[in-house]
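Report on the following structure.
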Amino acid sequence: MNACCLVAVLSMLLVQSQNSAAETSGKSQPNVLLIAIDDLRTELGCYGLPYVQSPSLDQLASEGVLFTNHFVQVPTCGASRYAMLTGRSPQNSGVTRKNQAFYSGPSALSAKQTAGAQTMPELFRRSGYRTTCIGKISHTADGRVFEYNGQGDGRDELPHAWDELATPFGSWKRGWGIFFAYANGRSREDGSGIRDLMEFKVEQDEDLPDGLLAKTAIEKLLEYKQGDQPFFLGLGFFKPHLPFVAPQQDWEAFENVKIPPVPHPEKPGSTYWHKSGEFYSYDMEYEKTRPLSPAARENVRRGYLACVRYTDRQVGKVLTALDELGLRENTIVIVWGDHGWFLGDSALWAKHAPLERALKSTLMIRAPGVSAAGLKSAALVETVDIYPTLIDLCQPAFRKTEYPLDGKSLKPILTGEQKEIREAALSYWNDAVSVRTQQYRLTTTLNKGKPGKIELYDIIETPDPVENLAKSKPEVVKKLLQYLPAQKK
C-alpha cells in the first residue's frame, strides 16, 4: 500500500468529532511544516519556466506567496542552514563557509540548554510544540553528527531541538548513505567506489530515500492528527543534490522536452569563479571536457530537472496528506531551497560562489488566513527572515533566543500590506560580501574593513557575471558599499 492510500485508509478510522483544523491540532496555534530542499534553485514552473515539471510546488505557490528575490546568507549547505535555524547573520555569527558550524568551532551550539533557544525548532519545542526532524534540516542528513566517512558520535546536531529524529534509512546505512544514495542500498559513501553522476533505473519512489522521507512524514502527520499538541515538522529532501538519482519515469518525462541552453556557458572573468570540483569528481558517460560540450550540458540539465520532478512529487504527497487529514487550515507551509546552483551557467556546476545564481533560491510560504493567495513578491528577502516570520505568525509561548535575531518578519509581505522590507540583501562567502539591490549585485572582499576585488553586475541585464561595471559606474559602487556591515573594532 503506498503512502497516499495509507492516509486515505487510516484517516477514515480517526475520531470524527474533531470539526476543524484548529481542533485537530488541539491548539489554536498554527502548526509548522518546514520543507527544505537541497540545491533547489528557482528552476520551477512557478518561476516562469514552462519546460520544468513541478506541478506540486507550482500549486503551493498559487495558494501562498512566492518570493522571486530570496537570497541565502551563504552559498553552501551547512552554513546556509545555520543562518536559517539560528536566525543569525554571518556578520554576527562568523559562519561564512563551514558546514560543521553547528557542532564544531566557536559557533558550535552548546550541549547544555541555554537560557534562550539556540535554534528555531528548540524555541518551538520549548513553547509546547512537538518537533520532528525527517531528513536534512541542519547539515547532517538525519540530524545526527556523523562525517561523510562515518566518523562521529551520533549526538544531536541541534541540541534540545527535536522530540524525535525520525529519518528512515531503508537499505542504506544511516546518515550520509541516504544522502548520496544510489539504488539498492548503494551510496557514494559506502566504500564501493561508485561515483556515477546520474542514475535513473528504479521504478518506485520509495526505492530511493526521498520517497521514504515523504512516507515517514505522512505517517507523522497521522500521529499529529490524533495528538493534542501543535507540531513543528522539519522535512528535508535530498534531491536535486548530486548525484542526480531518481526513478526512471522522471528521466523519461524529459525525453521529448526542449530544454533551452544556458545563455552564458562560458567561463567569466570573475574573481569568484571556481572549478566545480565536486561535480567533476563524478563519473560521466560522456567526454569529461571542461567546459562540457553543448550536448553534455543538456544531458546534465535534464538529469537535474528529473530530480526536481521527483522531489516535487514527494512534496505533493505530503501536501495531499495534510489536506486529507484536515490539517491544512492550521498549518503554515514553507518551502525553502538552501541555496541556488550553477547548472552550466558561467561554466560552473555547483554553488560555492558569492554570485547571483548560487545565492538566489526558492522560497514560498502558505500561511492560511494570512498570506495572499497567488502573490508573487519581488521584495528583497533573506533566509534569516524565516525565523522571525514564524514567531510573528505563530506567537509561540517561549520567545527568548540566545542571540538576537538578525532577520525581519515577512508577515507584512505575506498579507500584501508592504511591498518591501529592505533596500539591499547581504550574503557572505569566506571573506567576500555580496550586496544585492533590485538592479545590481556588488561583490567584494573585505580586508580590515577595506573592500577589494570589487565586481558590479546589472542583474536586470543578466544574472550571470558577464560585464563587470565597477569601473564604469563608480557612483553605484559607492552607494552599494554603504550597505556593507560595519567592521568590529
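Structure summary
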| quantity | calculated |
| --- | --- |
| Total residues in the range 282-330, condition part of a helix (DSSP H, G or I) and not charged (D, E, K, R) | 22 |
| Answer residue from the range 60-95, given it is more than 16 Å from the chain's Cα centre (by Cα) and small (Gly, Ala, Ser) and is nearest to ALA424 (Cα to Cα) among those | SER89 |
| Odd one out for GLN151 among (1) more than 30 Å from ALA373 (Cα to Cα); (2) touching a residue at least 12 places away in the same chain (Cβ under 8 Å) | (2) |
| Output for the range 448-489, where each listed residue is modelled with pLDDT under 95, of a type in the set (Gly, Ala, Ser) and either in contact with a strand residue (DSSP E or B) (Cβ under 6 Å, 6 or more places away or on another chain) or closer than 21 Å to SER361 by Cα (or both) | GLY452 |
| Residues of the range 179-220 that turn out to be of a type in the set (A, V, I, L, M) and more than 21 Å from the chain's Cα centre (by Cα), as a count | 5 |
| Candidates GLU475, GLU461, GLU455, GLU423, filtered to the one that is of a type in the set (Asp, Glu) and more than 27 Å from the chain's Cα centre (by Cα) | GLU475 |
| Residue among ALA358, ALA353, ALA379 that alone is hydrophobic (A, V, I, L, M, F, W, C), out of contact with any helix residue (DSSP H, G or I) (no Cβ under 6 Å at 6 or more places or on another chain) and outside any helix (DSSP H, G or I) | ALA353 |
| Among (1) of a type outside the set (Ser, Thr, Tyr); (2) touching a helix residue (DSSP H, G or I) at 6+ places or on another chain (Cβ under 7 Å); (3) under 13 Å from VAL315 (Cβ atoms), the one test that VAL65 misses | (3) |
| Odd one out for ASP323 among (1) crowded, with 24+ Cβ neighbours inside 10 Å; (2) free of Cβ contacts under 8 Å to residues at least 40 places away in the same chain | (1) |
| From the options THR76, THR42, THR24, THR86, residue that is out of contact with any Ser or Thr (no Cβ under 7 Å at 6 or more places or on another chain), surrounded by 21 or more Cβ atoms within 10 Å (Cβ to Cβ) and either more than 25 Å from ALA214 (Cβ to Cβ) or at pLDDT 95 or above (or both) | THR76 |
| Any hit, the range 157-172, residues being of a type outside the set (Phe, Trp, Tyr), more than 21 Å from VAL32 (Cβ to Cβ) and at pLDDT below 95 | no |
| Test: residue in the range 469-480 that is surrounded by fewer than 11 Cβ atoms within 10 Å (Cβ to Cβ) and either of a type in the set (A, V, I, L, M) or closer than 27 Å to GLY340 by Cα (or both) | no |
| Subset tally (residues that are out of contact with any strand residue (DSSP E or B) (no Cβ under 7 Å at 6 or more places or on another chain), in a loop (DSSP other than H, G, I, E, B) and among the β-branched types (Val, Ile, Thr)) for the range 65-119 | 4 |
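The values are calculated or read from the model by the stated rules, or taken from the named source; none is laboratory data. Please read these numbers as outputs of a predicted model, since none were measured by experiment. No Cβ is skipped: glycine too gets one built from the backbone with ideal geometry, and neighbour counts run over all protein chains shown.
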